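Please read the structure below before turning to the comments.
The numbers here are math on the coordinates, done by the rules we state, and not lab data. Everything numeric in this text was worked out from a predicted model, so none of it was measured. Quick reminder, even Gly has a Cβ in these numbers, built from the backbone with ideal geometry, and neighbours come from all protein chains shown.
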2 protein chains.
Amino acid sequence: MPKVVDPEQRRASVAEAVWRVVLRNGLDGVSVRTVATEAGLSAGSLRHYFATQAEVLTFAMQLVIDRVRARVHVATTVRDVIGELLPLDAERRAEAEVWLAFSTRAQVDPTLRALRDTSYDLLEALCGRLVEAVAPGAQDVEVERLYALIDGLVLHAVMRPDRATPELLRTVVDRHLEELVH
Amino acid sequence: MPKVVDPEQRRASVAEAVWRVVLRNGLDGVSVRTVATEAGLSAGSLRHYFATQAEVLTFAMQLVIDRVRARVHVATTVRDVIGELLPLDAERRAEAEVWLAFSTRAQVDPTLRALRDTSYDLLEALCGRLVEAVAPGAQDVEVERLYALIDGLVLHAVMRPDRATPELLRTVVDRHLEELVH
DNA sequence: CTCTTTTTAGCACAGTCGTGTTAACTTGTT
DNA sequence: AACAAGTTAACACGACTGTGCTAAAAAGAG
């Protein structure tokens, strides 16, 4: 009857518009109007797919999570799994930057915080399996050590991409895994 | 002649008001009016000490930097220096949270970015000296490994203070230093 | 007390914000 | 061709934003 539009696809394209706005102007630059313009819609039209601004944000954050999870899920070796978590190319660095922006806002937004904490727990469990695979019977402290190292590398890659280059990230991780085996 | 007020002290108290607002409502919650109210001033009065909002933010960020630098400067042993960088108590966790908020905004604010990058370079150099002190002649990769580990621990302490407890942070750092020596 | 200068408070302005409502448009079905 | 429903656009509302400007209040100096 009406113009045929797949709502889910539309919502996804809106989420990607959110990401672009975040990268350009930060999470503060995200308003109903800026996102609508970025997505090529009117503000009123956007509100037809998302009732509130909070809904837009949670959806955009959830989509980042889903994307990373899908990537990690297909990785097999320990080194490859960690490689999927690190921003080794420009696209994933952008993704990490968006994730970091949402994570800091989660500090004062209960809904986003729930999303973040759930992801944190999953990643912690993942690191636990990685450590167990590389060094069976290792102490629990090694899990947090690996996890903190990864997140630190991600942080540095986002903040100082000129210094924390993909090559350096890989070298650091390889060095750490090598030591973990022994 | 007029009411006697030390401008620098006033500016510092305004900066502390900024920190409290950031902790409560995030960096987005920082406006001339909210900060003025938090500092017990009127908006017009605040503008007498800071010409623009950008000036308020850079001053508040600079004061965080100065405070950390002063603390690190008096530390002697490697372990104590790292201890000053980690949020081992509630006050320093708050400080780290404020720092993280400013750092992410620096991603889209050139002025704040300059402050952040300068601090990043100083911390990197500091980690270089720490590594050299613990393991003379170690590879450069160990510097980034230690720095990323520290920043990852800080990040986790801010985001998940219930999981990344002070005890865990210390244990992880001690474990890393122990390995670094060998 | 009177003067002078710092400090303070308050208002005005144009702009943006989230959100609600309403009308127009588009398109498949009857 | 006529209808119906999904989709879009546009406007209104109150609230908040940063910033400039003006007048009042405060307090040491003469």
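So what is the relative contact order for the stretch B:53-181, in percent, with contacts set as C-alpha pairs under 8 Å and at least six apart?
This gives 27 percent for the stretch B:53-181.
Using only Cα atoms, find the angle between the long axis of helix A:7-25 and the longest principal axis of chain A, and express it within 0 to 90 degrees, rounded to the nearest 10.
70
Would you please give the FRET efficiency between B:Val181 and A:Arg24, computed as 1/(1 + (r/R0)^6) with r the Cβ-Cβ distance and R0 = 45 Å, to the nearest 0.05?
The value I calculate is 0.50.
Kindly give the distances from B:Glu16 to its copy-mates, label point to label point, with each label point 7 Å from Cα along Cα→Cβ, as nm values to one decimal ordered shortest first.
Distances to the matching label points in the other copies: 5.0 nm.
With point charges of +1 on the Cβ of Lys and Arg and -1 on the Cβ of Asp and Glu, referenced to the Cα centre of the stretch B:95-174, which listed residue (B:Val134, B:Ala157, B:Leu168) lies farthest in the positive direction of the dipole?
B:Ala157
Taking a label point 7 Å from Cα toward Cβ, how far is B:Arg129 from its twins in the other copies, in nm, shortest first?
Those label-point separations list as 4.4 nm.
Provide, as a two-decimal number, the C-alpha radius of gyration of the protein assembly as shown over 2.2 N^0.38 Å, N being how many residues it has.
Compactness ratio reported: 1.06.
Measuring from a point 7 Å out along Cα→Cβ, what nm distances, shortest first, does A:Gln62 have to its partners in the other copies?
4.5
Residue-wise, which Karplus ³J(HN,Hα) couplings in Hz belong to the stretch A:123-128, taking 6.51 cos²θ - 1.76 cosθ + 1.60, θ = phi - 60°, and x for glycine or proline?
5, 4, 5, 4, 4, x
Want the number for B:Thr171 to B:Ala75: 0.36 nm per residue separation, take away the alpha-carbon distance, what's left?
So the extension gain works out to 32.7 nm.
Could you tell me how many degrees, from 0 to 90 and to the nearest 10, lie between the Cα long axis of helix A:141-159 and the main elongation axis, the longest principal axis, of the Cα atoms of chain A?
Around 50 degrees separate the two axes.
Viscosity 1.002 mPa s, temperature 20 °C: Stokes-Einstein D of chain B from its Kirkwood Cα radius, in µm² per second?
Answer, rounded: 121 µm²/s.
Between B:Glu132 and B:Asp162, what FRET efficiency follows from the Cβ-Cβ distance if R0 is 25 Å, with the result rounded to 0.05?
E(calc), rounded to 0.05, equals 0.10.
Can you classify the stretch A:86-140 as rounded, prolate or oblate using the Cα gyration tensor, where a ≥ b ≥ c are the square roots of its eigenvalues, rounded means a/c under 1.5, and otherwise it's prolate if a/b beats b/c and oblate if not?
It comes out oblate by the Cα gyration axes.
Which residue of chain A is nearest the rotation axis onto chain B, counting by its Cβ, and what is the distance in whole Å?
Nearest to the symmetry axis by Cβ: A:Gly152, 2.
Between 0 and 90 degrees, rounded to the nearest ten: what's the tilt of helix A:90-105 against the longest Cα principal axis of chain A?
Value to nearest ten degrees: 80.
Return the single residue from A:Ala60, A:Ala17, A:Ala135 with maximal mean-square fluctuation; model: Gaussian network over chain A, springs between Cα atoms under 10 Å.
Result: A:Ala135 has the largest fluctuation of those listed.
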